[in-house]
Each structure stands twice: as structure tokens, then as C-alpha cells.
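Engineer: Input: one structure, supplied below.
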Amino acid sequence: MARRSRFSTVAPMIYGCLALALLSSCKQEVGSSQAPPVPEVGIVVATAQDVPDEPEFIGQSESSRPVEIRSQVTGILKEWFFKEGRDVKKGDRLYQIDPVPFHAAMLSAKAKVAQAEARLVQAKQNLARVKPLLAEQAVSTKDVDDAVAEEMAAKANLEGAKAELVKAKFDLDNTLIVAPISGMIERTRVYEGRLVSAQTDLLTIIQQVDPMYVIVSAPESFLLKRQRDSTAKRIQHPGVYQLRGVLTFADGTTYGQEGVLDLLDVGLKTDTGSRQARVVFPNHDRVLLPGQFVRVRFKGTVKTGAILVPQRAVQQGAKGSIVFVVGNEDKVEMREVQATSWQGNQWIVEQGLHVGDRIIVEGLHKIAPGAPVKPVPLPAPAATTVPTAAKPQPERAS
């Protein structure tokens, strides 16, 4: 009886525990079948704004006046006076051609002039004697004509002798070669004892490096697009010769002075399909050197109605750049866009987006096209006015 009574007391307790365990398990199964929460994503609203449009091109510097130094006379180089690679001033002595033969030629030319002058005096005297005799019929008309012709020939001979003297003096003066401009002089190509040919042998070159030219080339595709944008009023252009240039060196440092565009070639170069432009930079401190490769960013043009998108929102899809936006009913939509260039830390998107689109910036790993999301507005990115010319590839969409 005692055993039966103890069993009747314990059994209800066991059954109760089992029932509680089953009930808890059922609640867990019901909870696990509920839909997951809608993910939150950070968005920014696309707006149109005017931003600087500052294209950048590779360029190469060159001196504003490279002057070749050549001799005007043929002779033996006797001496040279400058230090190679230094500054020279206009009028400084550079080379001395042996002047002795040229001095002798000038003396000979002076003697010929004196002889011609004497002959002219004699011819004039002869003409003065025969003219009165013609009236007295003491001489024939032919004698007078001969005297007139002799005087004219003497005058011509004198003019020829004077011309030879001018040439001889010119040659003598040019045996001393001086600097025609101020600038930096290169190494000499000739040394003492060398026979220098007139107007043929290159002696050296003087480079005028203040101001300095930088030559850049714009591809035809850029020029065509710029023309279309200007026609469609998508950019405000002040005019080609109002543009200013900012120079960046190979190490990333920026040159302290701006340049101005002063020459745009009339046509395209057939070998590269590009149009060259020349930018003039002051170079008082001789920081720029001929032959340097640099980057030049042109300032002055404004892009109107541009849509800027944070860089992290633009990804690389199978066909190009893509952006995810929150569409109708707060569902994700994928847009193919044309991201052309950087403006600070943002992309300039020219096609694929419209003003008012809600662009997903944060939480991209939580979404899929067509899935519902909960958009959370993010603070507007800080405005920046310094564009980056290089166009890196957007991140590939996962």
C-alpha cells in the first residue's frame, strides 16, 4: 500500500515536467519560423549642384626660348669663355674664332675702297675736262660719252668695294660670338682648335627658363565630349585663354604658382589624335627644368547640375559601374551609372541617376535587388573643391 501511494504522488509530477518541456519546445519552433527583421541601410538623397570641372593632363616642360648658338663665319675656334650649365646674360662672350684672317680681309677691303674712290675722282676730272671741249668741237661726242661711262663705272666699282668692306667688317665682328639672350647655357659641343663651319656646326644651346612652357595633349574623345557638354549647357566655360593651370610634380607636390594657357594648336596631331596646348608658368626660382614630366589641372570651368555620389556607394558590376538605390515600397533597385571623374571623395555621375534618388551608401552587404530595406538618412558629405584626376575603378559588387 505504501509503494502504491508513493507512485501515485510522483507520477503526476513527472507528467507535468514533460508537458512543460513540450510546451517550451513548441514555442521555440514557432519563434524560429518568424520572418527576419528588415535590414537598415544608410542612404543619401541625390541632389544637383554646380561643381568645378577641372580636367588634368600629363605634360612636359620646355624652355620658352631654346636658342641654338652657331657661328656666322668659318674658322678655327681659338677660345671659349663660359662655364657650362650656368647662367649667362645677353651680350656675354661665348666663343672666339681666330680673327687674324678676317682682320686681313677687312684691311684688303678698305684698300679696295680707297682705290675705287681714287678712280672715281680721276673719272670725274676727265669728264670735267672734255665737256667744255665738246662745245669748241675740239673733241668728238664719243669722247664725252666715254668719259661719262667711265665715271659711272667708277661709281659702281666704289659701291662694290664698300659692300666688300661691310661684309669683311661683319665677318670680323662675328669672330666673337656673344649670347643673344639671357638664360642657362648647355655644355659646349666644340673645343679649341676645331674648324667651325659657318651656320652649320652647333656650338651650344641657351635655354630661357623664366618663364617656362608646359605642353599638354588633350585626346580627341575629351574634346568631343567637352564640345557636347558646352552645347548642352552642362558646363560653364570662361573661354580657352581664360583657363589657369595648376602644376603637380612627379612626387605629388604642387607648384606654388599658377600658369595661364596661351596657345591652343589649330588642329590635331595625326600620330596621336590629340590637340596640344601650351601653358606658361613663371619660374623665377628655377624649380621647373626643361624635359620634366608633370601633371597640369585646368581651373576655370564649372559643371552645372552635377550629381555627386560617395565613392563607397559606386561598385563595379558585370557591365560597368552600378549603384543601389531604394525604390518604390522601399525595395532595392540596381542602377547602371556612368561615373566619369572624382570630385574630392565623391564620384560625379552623369547618367543613371536622377535628383531625389535615395542612394544606398552603408549596409551594402545586407541587401539584394528587390529585397525590402529600411532607409536611414545619413549626414550630407562635406563639400570639397579639389578634384582627383586619376579615375580608379570602383569596387566590384559582391
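Engineer: Among (1) modelled with pLDDT of 90 or more; (2) in contact with a Lys or Arg (Cβ under 8 Å, 6 or more places away or on another chain), where does VAL144 come up short?
Structural biologist: The number of the failed condition is (1).
Engineer: May I pose another question? Given the criteria among the polar types (S, T, N, Q) and in a helix (DSSP H, G or I), does GLN208 qualify?
Structural biologist: Considered against the rule, which asks whether it is among the polar types (S, T, N, Q) and in a helix (DSSP H, G or I), GLN208 comes out as no.
Engineer: Which condition number does GLN125 fail, the rest of (1) at pLDDT below 95; (2) crowded, with 16+ Cβ neighbours inside 10 Å being met?
Structural biologist: (2)
Engineer: Scan the range 329-337 and tell me whether some residue there is assigned to a loop (DSSP other than H, G, I, E, B) and open to solvent by 10 Å² or more (accessible area, probe 1.4 Å).
Structural biologist: Looking for residues that are assigned to a loop (DSSP other than H, G, I, E, B) and open to solvent by 10 Å² or more (accessible area, probe 1.4 Å), one finds at least one in the range 329-337, hence yes.
Engineer: Output the qualifying pairs, or none if there are none: Cβ atoms under 6 angstrom, residues six or more apart or on different chains, first residue in the range 156-180 and at pLDDT 95 or above, second residue hydroxyl-bearing (Ser, Thr, Tyr) and open to solvent by less than 60 Å² (accessible area, probe 1.4 Å).
Structural biologist: Sorted first by the residue in the range 156-180, then by its partner, the pairs are ILE177/TYR95.
Engineer: Please tell me if LEU94 is in contact with a Lys or Arg (Cβ under 6 Å, 6 or more places away or on another chain), closer than 18 Å to GLU192 by Cβ and either modelled with pLDDT of 95 or more or part of a helix (DSSP H, G or I) (or both).
Structural biologist: no
Engineer: Assuming LYS233 fulfils every condition listed in (1) more than 19 Å from PRO52 (Cβ to Cβ); (2) assigned to a loop (DSSP other than H, G, I, E, B) apart from one, which condition is it?
Structural biologist: In the conditions (1) more than 19 Å from PRO52 (Cβ to Cβ); (2) assigned to a loop (DSSP other than H, G, I, E, B), LYS233 misses (1) alone.
Engineer: Looking at the range 316-335 only, could you name the residues that are acidic (Asp, Glu) and without any contact (Cβ under 8 Å) to a residue 40 or more places away in the chain?
Structural biologist: GLU333
Engineer: Okay, moving on. Of all the residues that make up the range 157-196, how many are open to solvent by less than 70 Å² (accessible area, probe 1.4 Å), more than 17 Å from ARG86 (Cβ to Cβ), of a type outside the set (A, V, I, L, M) and not in a helix (DSSP H, G or I)?
Structural biologist: 3
Engineer: Any residue in the range 76-89 that is of a type in the set (A, V, I, L, M) sitting within a Cβ distance under 6 Å of a residue that is open to solvent by less than 70 Å² (accessible area, probe 1.4 Å)? List the pairs, counting only those 6 or more apart or interchain.
Structural biologist: Close Cβ pairs satisfying both conditions: ILE76/ASP98; LEU77/VAL190; LEU77/VAL196; VAL88/PHE82; VAL88/ALA179; VAL88/ILE185.
Engineer: Here's something else I'd like to know. Taking the criterion of being under 18 Å from ARG70 (Cβ atoms) and touching a helix residue (DSSP H, G or I) at 6+ places or on another chain (Cβ under 9 Å), would at least one residue in the range 138-153 satisfy it?
Structural biologist: No, there is no match, as no residue in the range 138-153 is under 18 Å from ARG70 (Cβ atoms) and touching a helix residue (DSSP H, G or I) at 6+ places or on another chain (Cβ under 9 Å).
Engineer: Could I ask something else about it? Collect the residues in the range 67-80 that are open to solvent by less than 60 Å² (accessible area, probe 1.4 Å) and either charged (D, E, K, R) or assigned to a loop (DSSP other than H, G, I, E, B) (or both), keeping them in residue-number order.
Structural biologist: SER71, VAL73
Engineer: Mind listing just one residue for me: the one in the range 338-361 that is open to solvent by 40 Å² or more (accessible area, probe 1.4 Å) and part of a strand (DSSP E or B) and, of those, modelled with the highest pLDDT?
Structural biologist: ARG358
The values are calculated or read from the model by the stated rules, or taken from the named source; none is laboratory data. Only a predicted model underlies this, so the values are computations on that prediction, with no experimental measurement involved. Positions of Cβ are backbone-derived with ideal geometry, glycine not excepted, and every protein chain shown enters the neighbour counts. Ligands, DNA and RNA are stripped out before the accessible areas are found, and what is left, the full protein with its side chains, is counted by its heavy atoms. Shrake-Rupley method; radii C 1.70, N 1.55, O 1.52, S 1.80 Å.
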